[in-house]
1. Which residues, counting only those in region 117-170, are of a type in the set (V, I, T) and over 20 Å from L84 (Cβ atoms)?
2. Report, by residue number, each residue of region 211-228 that is part of a helix (DSSP H, G or I) and surrounded by fewer than 19 Cβ atoms within 10 Å (Cβ to Cβ).
3. Tell me, which strands (runs of 3 or more DSSP E) wholly within region 92-153 include 1 or more residues that are among the acidic types (D, E)?
4. Within region 229-247, can you find the residues that are among the charged types (D, E, K, R), more than 24 Å from the chain's Cα centre (by Cα) and assigned to a strand (DSSP E or B)?
5. Being open to solvent by 30 Å² or more (accessible area, probe 1.4 Å), in contact (Cβ under 8 Å) with a residue 60 or more places away in the chain and touching a Lys or Arg at 6+ places or on another chain (Cβ under 7 Å): is that true of R184 here?
6. Looking at D130 and the list (1) open to solvent by 40 Å² or more (accessible area, probe 1.4 Å); (2) in contact with a helix residue (DSSP H, G or I) (Cβ under 9 Å, 6 or more places away or on another chain); (3) touching a residue at least 60 places away in the same chain (Cβ under 8 Å), which single condition is not satisfied?
7. So in region 136-147, with the set limited to residues that are modelled with pLDDT of 95 or more and of a type outside the set (V, I, T), which one is surrounded by the fewest Cβ atoms within 10 Å (Cβ to Cβ)?
8. Can you tell me how many residues in region 154-175 are among the small types (G, A, S), open to solvent by 10 Å² or more (accessible area, probe 1.4 Å) and either in a loop (DSSP other than H, G, I, E, B) or on the phi > 0 side of the Ramachandran plot (or both)?
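The values are calculated or read from the model by the stated rules, or taken from the named source; none is laboratory data. Source: prediction; values computed, not measured. Glycine gets a Cβ as well: all are built from the backbone with ideal geometry, and neighbour counts include every protein chain shown. Calculation scope for accessible area: heavy atoms of the full protein, side chains included, ligands and nucleic acids excluded. Shrake-Rupley method; radii C 1.70, N 1.55, O 1.52, S 1.80 Å.
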Amino acid sequence: MNVFELNIIITLQNNTFSGLFVGQNLLTLKEVDSTNNFLKDLLSNSKPLPEGTVIMAESQFAGRGQQQNQWHSEPGKNLTFSLLLKPVFLAVIDQFDLTRAISLGVFDALYPLLGDKLKIKWPNDIYYGDKKLGGMLIENLLQGSQIKNSVIGIGLNINQENFPKGVNNAISVKQILHRDCDLREILTEICANIEAYYLNLKAGKIDLIRKAYINRLYWFNETRTFKAGDKVFSGAIKNVKTNGLLVIQKGNEEINYNLKEIEFLNK
């Protein structure tokens, strides 16, 4: 039996997802280095995978975040999964709109549980207060001027209570609510909300997505401390450009920053 056939069997036995396609094809792994790597290997080695395929791991020992940061996750306690989308309708120059849509889907799934302290930290981390609840790594695989496949890795701290030394900025849903949460229920909500935003994106409702993203943005319109290069300064986030650049007002001027150029001093 190959991996793809195993995937179908697990889906038929365990699928509780109510959406049209996201999560309908689900493979759960005991342990893997990275669900993103596993999904990319499937894409290159197996039959074509249906859009919406989800690969979930109970233990991920080499998970990655933005800028090659490692993601620490206690086995069986958290959500670590990857999702396949095929946004061929989206121009490469507009690929940050996919980042917005995915971030909003995760946010909206968690908001009924966690409330107003929940925010999206640019570009796609999920924060509760000043603590990191989770994040994502979106890897777009291009074919010419199109996005052929998008492999979206998402990691969220759900039931973990203790984090390794040096990980000072993490928080989990259990630490907030003081109770365990059902991982599959949260995954189901995330898949449903991501699907809804993705379909809005496909329908061309770009303004809706961009406005919703700004409205949920961490530190938006607040005077805060940042670091760019070796300089620390006060400024306020004013916008996120179409291409994803962060716009910060510093004194009388607005400056655009990409991911590697700016640091939030929130510790």
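1. Quick first cut of region 117-170, residues of a type in the set (V, I, T) only: 120, 126, 138, 147, 151-152, 154, 158, 167.
Passing the criteria: I120, I126, I158, V167.
2. Filtering region 211-228 down to residues part of a helix (DSSP H, G or I) leaves 211-215.
Correct list: K211, I214, N215.
3. Working: elements: 118-121, 125-128, 131-143.
In region 92-153, the matching strands (runs of 3 or more DSSP E) lie at 125-128, 131-143.
4. Taking region 229-247 first, the residues among the charged types (D, E, K, R) are 230-231, 238, 241.
After this cut, where a residue has to be more than 24 Å from the chain's Cα centre (by Cα) as well, the list is 230-231.
Hit for region 229-247 is K231, nothing else.
5. Working: open to solvent by 30 Å² or more (accessible area, probe 1.4 Å): yes; in contact (Cβ under 8 Å) with a residue 60 or more places away in the chain: yes; touching a Lys or Arg at 6+ places or on another chain (Cβ under 7 Å): no.
Answer is no for this residue.
6. So the condition that D130 fails would be (2).
7. Result: E139.
8. 1
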